[in-house]
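Please read the structure below before turning to the comments.
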Protein chains: 2
Amino acid sequence: MLVTNISGVSHPKPVSARAEATRARLEATAVELFEVHGYEGTTTAMIAASAGVSEMTFFRHFRSKEGVLFDDPYDPLIVQAIAAQPTGLPPIRRVSAGLRAAWAAISLPDVETVRRRVRIAGTTPSLRAGMWANMARTEDGIVEQLVSDGTPEPIARMASAAVLAAMTAALTAWAADDSTMLGAMLSQAFDVIDGASRA
Amino acid sequence: MLVTNISGVSHPKPVSARAEATRARLEATAVELFEVHGYEGTTTAMIAASAGVSEMTFFRHFRSKEGVLFDDPYDPLIVQAIAAQPTGLPPIRRVSAGLRAAWAAISLPDVETVRRRVRIAGTTPSLRAGMWANMARTEDGIVEQLVSDGTPEPIARMASAAVLAAMTAALTAWAADDSTMLGAMLSQAFDVIDGASRA
DNA sequence: GCGATCAATGTTAGTGACTAACATTAGCGG
DNA sequence: CCGCTAATGTTAGTCACTAACATTGATCGC
């Protein structure tokens with residue numbers, strides 16, 4: 001539930017109401033603690049204790065400590081939007097146009113929640129990499145689509161990595177400054193990719 | 001000593017001959033063990049034991065296990081090359097042109113060593129992020145240069161993130177396939193950024 | 001209601017990366 | 001050869017994370 005899951009695809013876990021409640025409680029507790037003590041200053045033991053469960057239970061609901069912030073299920077919407085772009089475009093343009101379209105087509109459900117999370121990630125050096133890793137599946141999906149339309153794999157990977165990196169930069173810039181708007185930042189990022197941004 | 005240290009800038013540590021020898025022994029031992037048992041299958045205790053030192057000594061020479069593979073000191077050459085590009089170009093073009101020039105200007109001392117390391121990093125999911133983190137200082141340097149030439153900071157960060165991401169993709173693609181040449185891969189990456197790459 | 005069942009949680013014990021504090025050794029200059 | 005300091009060793013810890021097994025609790029057939 002961060003940024004590459006644009007349309008709100010949910011986890012396939014067949015969860016009971018109790019489990020879902022526990023997960024939600026852990027998630028909320030964790031984010032609050034991160035904001036107060038910082039990510040590194042918050043231990044998984046603290047999160048579990050504050051949520052009233054054992055540490056083991058924390059790891060049953062989240063793959064890792066990072067997993068509290070990053071666990072986007074793969075969202076096919078992005079890949080579909082890219083597939084819809086003309087194959088005649090240079091790959092990087094095709095990806096940027098696709099992402100532009102994907103973002104324009106939706107409206108994020110709870111923008112402020114996302115902003116809080118991205119802010120934590122953007123201000124913690126060790127988490128910047130995690131944000132990137134969270135997009136791995138999305139990158140793979142984009143690459144697969146480009147390749148199936150005839151783009152050589154290395155080229156496809158370079159193009160998607162570049163665009164997703166610019167997008168990530170846009171997200172962290174947006175999260176860091178409350179006066180900015182997500183749409184505007186993303187638009188700037190795609191403009192940068194398209195070489196349309198000057199100076 | 002990986003990829004963002006193009007001109008061989010060395011660490012500023014005032015090292016004795018003995019310490020340098022120990023460091024080199026640990027480094028070589030570690031890479032060999034990584035290649036045999038995989039990165040995750042190699043413990044720091046194994047590395048230390050194989051090198052004939054205590055585990056503590058390992059961490060005195062390397063910040064972390066990842067640090068064995070990634071510890072590029074910041075290389076000002078790249079930033080200089082970017083600074084030399086015309087300020088009239090769109091930021092992303094300026095960065096790609098600068099990196100193109102930087103890579104053309106040098107020849108990597110021991111290409112095969114680099115390839116071994118990048119291969120380990122590229123084939124270990126948890127290390128892909130580390131490669132990226134290793135370039136943080138370089139990214140910051142590029143951003144600083146662009147900003148001092150009038151580019152707004154968010155734009156500068158989007159542009160450098162995008163180009164470095166494409167470059168990283170080129171490096172992993174090169175390392176994964178022994179029949180490819182580094183220069184050709186990098187050239188392709190910059191072509192992708194410039195939108196010159198078709199299909 | 002009542003027990004059975006299975007998911008959800010707890011407990012315990014461990015591994016591996018990494019740190020801090022303090023003790024020891026080894027090589028160099030005098 | 002002595003002493004000094006850098007380099008290394010030892011010990012004892014913290015924290016993220018895992019495995020194996022025990023326990024609770026909600027829901028379902030009855």
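Counting protein heavy atoms only and a 1.4 angstrom probe, how many square angstrom of accessible surface do chains A and B bury in total, to the nearest 100?
Separately minus together, A and B give about 2500 Å² buried.
Dipole magnitude for chain B: computed about the Cα centre from +1 point charges on Lys and Arg Cβ and -1 point charges on Asp and Glu Cβ, it is near 120 debye.
What does the convex hull of the alpha-carbon atoms of segment A:17-68 project to on average, in nm²?
On the way: hull surface 11.9 nm².
Taking a quarter of the hull surface, the average projection is 3.0 nm².
Based on Cβ point charges of +1 for Lys and Arg and -1 for Asp and Glu, what charge dipole magnitude is obtained for the protein assembly as shown about its Cα centre, in debye rounded to the nearest 20? Mind showing how you got there, number by number?
Values: 36 positive and 42 negative charges, 40 e Å.
Roughly 200 debye for the protein assembly as shown.
Each Cα pair under 8 Å and six or more residues apart adds its separation to the average, and for chain B the resulting relative contact order is 23 percent.
Label point of residue A:63 (7 Å along Cα→beta-carbon): distances to the other copies' equivalent points are 2.5 nm, sorted ascending. Ranked from shortest, the separations from the 7 Å Cα-to-Cβ label point of residue B:15 to its equivalents in the other copies are 4.8 nm. Of the accessible area of segment A:52-129, computed with a 1.4 Å probe over protein heavy atoms only, carbon and sulfur atoms account for 57 percent.
Over the residues of the protein assembly as shown, the helix contribution to mean residue ellipticity at 222 nm works out to -21000 deg cm²/dmol, using -39500 (n - 2.57) for each DSSP H run of at least 4. Remark: chain A projects, on average over all directions, an area of 12.1 nm² (convex hull of Cα atoms). Counting only the Cα atoms, the protein assembly as shown fills a convex hull of 156 Å³ per residue. Judged by the gyration tensor of its Cα atoms, with axes a ≥ b ≥ c, segment B:123-199 is oblate; a/c meets the 1.5 cut and b/c is at least as large as a/b. Taking only the Cα atoms of segment B:50-135, the ratio Rg/Rh comes out at 1.09, with Rh defined as the Kirkwood radius.
Taking the centroid of alpha carbons for each part, segment A:142-196 and segment A:61-98 are 9 Å apart. Placing a label point 7 Å from Cα along the Cα-to-Cβ axis, residue A:140 is separated from the same position in the other copies by 3.3 nm, shortest listed first. With a Förster radius of 30 Å applied to the C-beta separation of residue A:55 and residue B:55, the computed FRET efficiency comes to 0.70.
Let me confirm one metric for peptide A:143-156, namely the mean number of other chain beta-carbon atoms within 10 Å of its residues' beta-carbons.
3
All alpha carbon pair distances within segment A:74-189 were sorted into 5 Å bins beginning at 0; the resulting P(r) in whole percents reads 2, 12, 22, 24, 20, 12, 7, 2, 0.
Mind putting a number on the dipole of segment B:25-118 about its Cα centre? Charges go on the C-beta only, +1 for Lys and Arg and -1 for Asp and Glu, and I need it in Debye to the nearest 20.
Charge dipole, segment B:25-118, about its Cα centre: 400 debye, nearest 20.
The values are calculated or read from the model by the stated rules, or taken from the named source; none is laboratory data. Keep in mind it's a predicted model, so treat the numbers as computed, not measured. Neighbour counts are summed over all protein chains in view; Cβ atoms, including those assigned to glycine, are modelled from backbone coordinates with ideal geometry. We work out accessible area using only protein heavy atoms, side chains counted, and drop any ligands, DNA or RNA first. Shrake-Rupley method; radii C 1.70, N 1.55, O 1.52, S 1.80 Å.
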